[in-house]
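A short write-up of the structure that comes next.
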Amino acid sequence: MGEFTAPPDPSMGTQARAAVPTTRPCPSCGREFGPGAVCQNCGQVEGMPVGTKVAPPARRLGGALLDGLLLLVTLIIGWLIWVIFTSKNGQSPAKSILKMRVVKLSTGETVTRGQYFARWLGKFVLRLISIVGLLAALWLLWDKNRQTLWDKIADTIVLDDRSTISA
Ligand SMILES: [Zn+2]
């Protein structure tokens, strides 16, 4: 009439220990670095000299707004001529003013002019399709049949069934 008790599984303990993430202190701030190539706490970039940090989001946004302003005041053409020079250093005009620079994550090297414009093309295309997507949705605001652009493509309209039930 002995009670059956399973012997403790020794593998459970080691598995539990292995599941605990290994701590990796940041050389800049000393706190846990986190899973990425950039310190989740201070922005220090892995494998680069201490103090080399990614630009914080607010600074990136500021750069985008400044580039927009510079595009306006230089009537676009001035900015386009300007960026030919700044892109050599991995910068837009606003990035050169605000002291930000685009580098390759894998090497830490400043992008070449070709890499800079390849990145810029990606940004241009993504922004363009974002605007097109937004416009396609907003189309129903001024459309006589309240159709979005995908409604037009599919030849559909959207009914409010509350009205058909009461009719
Ligand atoms: Zn850090």
Practice item. Take each of the peptides 82-90, 44-52, 136-144, average the number of other beta-carbon atoms within 10 Å over its residues, and list them starting from the highest. Key: 82-90, 44-52, 136-144
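Efficiency by 1/(1 + (r/R0)^6): what FRET value for Glu109 and Leu61, r their Cβ-Cβ distance, R0 = 25 Å, to the nearest 0.05?
The computed FRET efficiency comes out at 0.50.
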Point to revise | Karplus (6.51, -1.76, 1.60) ³J(HN,Hα), θ = phi - 60°, over the stretch 49-63, in Hz, Gly and Pro reported as x | key: x, 4, x, 7, 10, 6, 5, x, x, 5, 6, 4, 5, x, x
Check your understanding: Relative to the Cα centre, what is the charge dipole magnitude of the chain, using +1 at the beta carbon of each Lys and Arg, -1 at the beta carbon of each Asp and Glu, and rounding to the nearest 20 debye?
Key -> 1000
Check your understanding: Which ³J(HN,Hα) values, rounded to whole Hz and listed in residue order, are derived for the stretch 65-74 from phi using the Karplus coefficients 6.51, -1.76 and 1.60 in 6.51 cos²θ - 1.76 cosθ + 1.60 with θ = phi - 60°, glycine and proline given as x?
Key -> 5, 5, 4, x, 5, 5, 4, 5, 6, 9
Exercise for review: Please list, in chain and number order, the residues 5+ apart from Phe33 or on another chain whose amide H is under 5 Å from its amide H, with Hs placed from the backbone.
Suggested key: Arg24, Cys26
Exercise for review: Read phi for every residue in the stretch 83-97 and hand back ³J(HN,Hα) as whole Hz from Karplus 6.51 cos²θ - 1.76 cosθ + 1.60, θ = phi - 60°, with x for Gly and Pro.
Suggested key: 5, 4, 7, 5, 5, 4, 9, x, 9, 8, x, 5, 5, 5, 5
Revision key, fill the gap. Asserting the computed 222 nm helical MRE of the chain (DSSP H runs at least 4 long, -39500 (n - 2.57) per run, divided by residue count, to nearest 500) equals -15000 deg cm²/dmol
**Study point:** Neighbourhood net charge (13 Å Cβ-Cβ; Lys/Arg +1, Asp/Glu -1) for Thr86
**Key:** +4
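Where a number appears in this text, it was derived from the coordinates with a stated rule and is not lab data. What you are looking at is a predicted structure, and each value in this text was computed from that prediction instead of being measured. In this analysis, Cβ positions are derived from the backbone assuming ideal geometry, glycine residues included, and neighbour counts consider all displayed protein chains.
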